[in-house]
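Written out below as structure tokens is the structure these notes cover.
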Amino acid sequence: MTKKNLHTFHIPVMGLAYTIDSPIRVAQYGISSVVALADDDLIEKMRNFYSTKFNIPYEEITQKFHDYRAERITSYLNLVDKIVKEKFENFKTELAESKTSLENFMSMLPNTSDIKKGFQNLLDDGIAFKENIQNYIESHLFPGEIDVNIMTKLDKDNFIKNEQLPTEFNDAHAALRGFANSNLESSVVLSAGMNPRLFGYFENFKDFFPDENNFLRKKIILKVSDFRSAMIQGNFLAKKGLWVSEYRIESGLNCGGHAFATDGLLLGSILEEFKEKKEQLIQSAHELMIKALQAKNMACPEKPLELKITVQGGVGTAAEHEFLLDKYNVDSIGWGSPFLLVPEATSVDQETRNLLMNAKEDDFYLSNISPLGVPFNTLKGTTNEFFKQKRIHENKAGSSCPKKFLALSKEYDPHGICTASKKYQDIKLEELEAKKDALSADEFEKCKIKITEKSCLCVGLANASYLENDIKIKGQAQGVVICPGPNLAYFDQEVSLKDMIQHIYQGKSVIRTERPNLFIKELKMYVEYFRNEIQSLSGELTAAQLKKWNTFKSNLLDGIEYYKNLFESTMPFKGDLNQLDSCKSELVGIKIPVSELV
């Protein structure tokens, strides 16, 4: 039976905890969401919590188990799958027996939905309603996907004492194995770029290869920020006989969590390129995949498998949602940060949710708090920031680092240390103190902030779920880290699931403030990012840096011209032409330093 998506939106992964149980909350309504697989400790605690809640036997998987990380992940995903299926069966019965429930459900479907129209026809007909509606439900409704996310770069080596374990016990490898061994028929979303060793590990699991019926039991989704990256990664996997079923395009800056800025390429231009070159992407990967499958003596699809293009990052209105679907022919649109204000959909403690509701534009900022050294979208006033600053003032900077998922720096220890840890920061602060006489007071303070501003994301991004579910938090107080996109500044109230969906589809707005459209917002962020990059230059300007800045500025100017043509021909955007001109003037006014190298 061919599945047809009920919805034209999905809920992307958010943090470690915020979507950890979203499928249990929303999948029965046909809504797809993504579970983070980075924190197996959180996953095990959530398995315990939901086993108890649904009266399912639970046996703890401790760290004494040989393959505990993968086994924890497999067991949790199987539990989620079981609960979702049970909730979906109950929901189907409810729809068949209650017209009120059916009408409420229909109100959450897009007006363009053929399934919604089919339900309405059955309601209007009224003849043998219950029997017909049951048959229709069985053949047309499916639960949302239980997808998972793996950050490819979080692939830390692991040790037993001083003995390094084989590569398959690295964090990302074990997470992939946990998903591959689960009962799920869904997708793994790979984010943060290419990891050739991890990509090669997919070949160990037959579920990622098409069977004789061209069916993929488990699929691969790549989160990408431009077409070139998609082509390179997709072809790399195709050469191993692996098909990328979806490219999930994310705005480089106007997103939640880690921000991987493009070289000045703007979202509209990127979407246009994917639209124009989608067939090239498909054919290139198909030809390479067939060669690889033939060499492996495996089943070979005669025609290319399905490939979806989706987009996420900064979408905030029904008009924007509809425009992206129609203009760029995308298959689905990710709505992430706004769902942090929907208790039925995401796991957020009330104190943090209140902070999100009351936050203004200036409270959302691109920070340097991530130990990965990648810009990180976050929010002022978090409890994590409070505890971090308290330790700094008491000369106890740094985290106790209990989980070590980001212990990736091998500068001082071959096993790896996290740059947010007290161990690492003590060493760095001692080195800084030794150079104090050679630095001005201002330089010293800047260097100190650069060391101590890192936050413990492993604990901070998991704590919200513990707090919401009254699960005991052990160890050093870290508070909550929240990583919303700046688009959340325009949502200022707690919202029901039904109201948020109707906001997405029917334009029954839950936004109380004026906001720039998603393209203008991203453009402004890129101009600001470009200015900061130039102003923060320290040391000598290299030819490579100069070339990068010139390319960045050129791409931004090209993107502005693309938007100018788009806005002039598209009624909803005509009023934004003045903002484009303003952004262009601001960009032109940013002068790239002159180097003696040229």
- Just one of the numbered conditions (1) surrounded by 21 or more Cβ atoms within 10 Å (Cβ to Cβ); (2) modelled with pLDDT of 95 or more is not true of Ser225; which one? (2)
- Message: I'd like to know if the stretch 201-214 contains one or more residues that are farther than 25 Å from Asn170 by Cβ, hydroxyl-bearing (Ser, Thr, Tyr) and touching a helix residue (DSSP H, G or I) at 6+ places or on another chain (Cβ under 6 Å).
- Response: no
- Task: With the condition kept exactly as written, say whether any residue in the stretch 403-412 is modelled with pLDDT of 95 or more, surrounded by fewer than 19 Cβ atoms within 10 Å (Cβ to Cβ) and not in a loop (DSSP other than H, G, I, E, B).
- Result: yes
- Item | Top-ranked residue of the stretch 301-327 - restricted to ones that are of a type in the set (Gly, Ala, Ser) and assigned to a helix (DSSP H, G or I), ranked as surrounded by the fewest Cβ atoms within 10 Å (Cβ to Cβ) | Ala319
- Query: Quick check, is Ile392 open to solvent by less than 80 Å² (accessible area, probe 1.4 Å) and farther than 27 Å from Val480 by Cβ?
  - Reply: no
- Looking at the stretch 329-351, which of its residues are open to solvent by less than 10 Å² (accessible area, probe 1.4 Å) and among the hydroxyl-bearing types (Ser, Thr, Tyr)? Thr346, Ser347
- Message: Scan the stretch 354-374 and tell me whether some residue there is touching a helix residue (DSSP H, G or I) at 6+ places or on another chain (Cβ under 8 Å), in a helix (DSSP H, G or I) and open to solvent by less than 10 Å² (accessible area, probe 1.4 Å).
- Response: yes
- In the stretch 182-216, residue nearest to Glu302 (Cα to Cα) [restricted to those that are open to solvent by 30 Å² or more (accessible area, probe 1.4 Å) and in a loop (DSSP other than H, G, I, E, B)]: Asn214
- Item | Filter pass, Lys3 being touching a Phe, Trp or Tyr at 6+ places or on another chain (Cβ under 9 Å), modelled with pLDDT under 95 and open to solvent by 10 Å² or more (accessible area, probe 1.4 Å) | yes
- Message: So, Gln425, is that one outside any helix (DSSP H, G or I), touching a strand residue (DSSP E or B) at 6+ places or on another chain (Cβ under 9 Å) and open to solvent by less than 10 Å² (accessible area, probe 1.4 Å) or not?
- Response: no
- Query: Mind checking which pairs have a first residue in the stretch 534-554 that is without any contact (Cβ under 8 Å) to a residue 40 or more places away in the chain and a second that is of a type in the set (S, T, N, Q), Cβ under 9 Å, 6 or more apart or different chains?
  - Reply: Glu540/Ser595; Gln545/Ser595
- Message: Among the residues of the stretch 571-587, are any in contact with an Asp or Glu (Cβ under 6 Å, 6 or more places away or on another chain) and either open to solvent by less than 80 Å² (accessible area, probe 1.4 Å) or part of a loop (DSSP other than H, G, I, E, B) (or both)?
- Response: no
- Somewhere in the stretch 484-501, is a residue open to solvent by 30 Å² or more (accessible area, probe 1.4 Å) and touching a Ser or Thr at 6+ places or on another chain (Cβ under 9 Å)? yes
- Message: I'm told Phe274 meets every condition in (1) among the aromatic types (Phe, Trp, Tyr); (2) open to solvent by 40 Å² or more (accessible area, probe 1.4 Å); (3) part of a helix (DSSP H, G or I) except one. Can you identify the failing condition by its number?
- Response: (2)
- Message: Could you check the stretch 165-178 and list, in sequence order, the residues that are in contact (Cβ under 8 Å) with a residue 24 or more places away in the chain, surrounded by fewer than 24 Cβ atoms within 10 Å (Cβ to Cβ) and in contact with a strand residue (DSSP E or B) (Cβ under 8 Å, 6 or more places away or on another chain)?
- Response: Ala172
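Per-residue answers, yes or no, for (1) of a type in the set (A, V, I, L, M, F, W, C); (2) without any contact (Cβ under 8 Å) to a residue 24 or more places away in the chain; (3) within 30 Å of Leu16 (Cα to Cα):
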site: Ser284; (1), (2), (3): no, no, no
site: Val348; (1), (2), (3): yes, no, yes
site: Asn354; (1), (2), (3): no, yes, yes
site: Asn368; (1), (2), (3): no, no, yes
site: Pro375; (1), (2), (3): no, no, yes
- Message: Can you tell me which residue is surrounded by the most Cβ atoms within 10 Å (Cβ to Cβ) among those in the stretch 107-154 that are basic (Lys, Arg) and more than 28 Å from His321 (Cβ to Cβ)?
- Response: Lys153
- So which of Leu457, Leu439 ends up being more than 18 Å from His393 (Cα to Cα), open to solvent by less than 70 Å² (accessible area, probe 1.4 Å) and touching a residue at least 12 places away in the same chain (Cβ under 8 Å)? Leu457
- Message: I need the full set of residues from the stretch 413-422 which are more than 11 Å from Cys456 (Cα to Cα) and open to solvent by 70 Å² or more (accessible area, probe 1.4 Å), in order please.
- Response: Pro414
- Unmet requirement for Ala261, which otherwise passes all of (1) in a loop (DSSP other than H, G, I, E, B); (2) buried (at least 21 other Cβ atoms within 10 Å of the Cβ): (2)
- Task: Quick one: in the stretch 456-514, of everything that is in a loop (DSSP other than H, G, I, E, B) and in contact with a His (Cβ under 7 Å, 6 or more places away or on another chain), which residue is modelled with the lowest pLDDT?
- Result: Ser509
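Conditions (1) of a type in the set (A, V, I, L, M, F, W, C); (2) without any contact (Cβ under 8 Å) to a residue 12 or more places away in the chain, marked per residue:
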position	(1), (2)
Ile56	yes, no
Gln63	no, yes
Asp67	no, no
Ser75	no, no
Asn78	no, no
Lys82	no, no
Ser107	no, no
- Query: If you scan the stretch 516-563, which residues turn out to be among the hydroxyl-bearing types (Ser, Thr, Tyr) and in a helix (DSSP H, G or I)?
  - Reply: Tyr526, Tyr529, Thr551, Ser554, Tyr562, Tyr563
- Query: How many of the residues making up the stretch 471-483 are touching a residue at least 60 places away in the same chain (Cβ under 8 Å) and in contact with a Phe, Trp or Tyr (Cβ under 7 Å, 6 or more places away or on another chain)?
  - Reply: 5
- Message: Take Leu523 and tell me if it is surrounded by 22 or more Cβ atoms within 10 Å (Cβ to Cβ), closer than 30 Å to Lys547 by Cβ and touching a Phe, Trp or Tyr at 6+ places or on another chain (Cβ under 9 Å).
- Response: yes
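The values are calculated or read from the model by the stated rules, or taken from the named source; none is laboratory data. If you're wondering where the values come from, they're calculated on a predicted model, not measured in any experiment. Cβ coordinates were reconstructed from backbone atoms using ideal geometry, including for glycine residues, and neighbour counts include every protein chain displayed. Protein only, heavy atoms only, side chains kept; ligands, DNA and RNA dropped before computing areas. Shrake-Rupley method; radii C 1.70, N 1.55, O 1.52, S 1.80 Å.
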